[in-house]
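What follows is one structure encoded as structure tokens, with my remarks underneath.
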Amino acid sequence: MSVTVRPALPGDETEILRMIRALAAFERMPDAVEATEASLRATLFIPHAQVFAHLAEIEGRAIGLALWFLNYSTWTGRPGIYLEDLFVDPNVRRAGVARALFAALAREARARDCARIDWAVLDWNEQAMRFYRAIGGRPQSGWQPWRLEGEALERLAADTEASHPA
């Protein structure tokens with residue numbers, strides 16, 4: 001069973017969305033996915049795209065996904081890759097698919113002169129953490145993930161007062 005990894009291409013939206021939905025179900029949030037094939041096409045496959053994906057395949061069948069974008073570190077003065085989603089079909093886990101996807105991202109990072117690859121993992125996903133440690137990843141400490149979304153994002157965007165005290 002040989003795993004190949006390639007950049008996602010127009011026409012891959014159905015498989016990408018399938019894996020995003022499967023990942024959401026695995027992460028216990030099956031109803032959270034708002035993405036559509038059209039929104040993926042409009043994000044991934046446009047000139048000057050800012051979001052990218054790699055697909056892992058076995059015999060031409062998509063079985064893994066790495067969806068990522070570039071970030072930037074002011075400390076290193078270089079870009080980095082932020083891995084938003086990593087998914088491998090359950091029936092091929094432990095077959096080297098995730099490692100192949102990470103290796104492809106490492107080559108992408110090297111080609112783009114990126115200083116690092118960052119990602120988040122759910123605190124209960126011990127299997128994933130074991131894998132990340134095995135490939136040389138390490139958890140970060142001292143930083144908490146924060147998010148602004150939904151109604152709070154809309155309220156702030158509508159705020160016309162530039163001098164609100166914090």
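Quickly work out the ARG18-to-ASP31 label distance, labels modelled 7 Å from Cα along the C-beta direction, and quote it in nm with one decimal.
2.5 nm
How many nm is it between the label spots at THR74 and SER141, if each spot is 7 Å from the Cα in line with the beta carbon?
2.5 nm
How far apart, in nm, are two points set 7 Å out from the Cα along the Cα-to-Cβ line at ARG93 and at ARG110?
Spacing of the two 7 Å Cα→Cβ label points: 2.9 nm.
Above 25 angstrom, tally the Cα pairs of the chain and express them as a % of all pairs, no decimals. Spell out each step's value before the answer.
Numbers: 5314 of 13695 pairs.
Value for the chain: 39 percent of Cα pairs lie more than 25 Å apart.
Would you mind checking which residues have amide H under 5 Å from ASN71's amide H? H placed 1.01 Å from N; only 5 or more apart, or other chain.
GLY80, ILE81, TYR82
I'd like the distance between the alpha-carbon centres of segment 91-166 and segment 39-84, rounded to an integer number of Å.
Here the two parts' Cα centres lie 12 Å apart.
Just ALA115, ALA22, ALA49 to compare: in a GNM of the chain, with alpha carbon springs under 10 Å, which one fluctuates most?
ALA49
What residue among LEU67, LEU153, LEU83 has the largest mean-square fluctuation in a Gaussian network model of the chain, using Cα springs under 10 Å?
For the chain, modelled as a Gaussian network with Cα springs under 10 Å, the answer is LEU153.
Could you tell me which residue out of PHE45, PHE69, MET29 lies farthest along the dipole of the chain toward its positive end? Charges go on the beta carbon: Lys and Arg +1, Asp and Glu -1, centred on the Cα centre.
Ranked along the dipole, the leading option is PHE69.
Stretched out fully, how many nm does the piece from GLU154 to ALA103 gain, at 0.36 nm a residue minus the Cα gap?
Here the answer is 14.6 nm.
Could you compute the longest span of the chain free of trypsin sites (Lys or Arg not before Pro) located in DSSP loops and having at most 16 other Cβ atoms within 10 Å, not counting the site residues? Before the final figure, lay out each step's value.
Values: sites that count: ARG28, ARG93, ARG94, ARG112, ARG116, ARG147.
Longest site-free region, per DSSP loop and neighbour criteria: 29-92.
Read-outs throughout are calculated quantities, based only on the coordinates presented, and are distinct from any laboratory measurement. Treat the numbers as computed from the prediction; the structure is a model and nothing was measured. Every residue, glycine among them, receives a Cβ derived from its backbone with ideal geometry; neighbour counts consider all protein chains shown.
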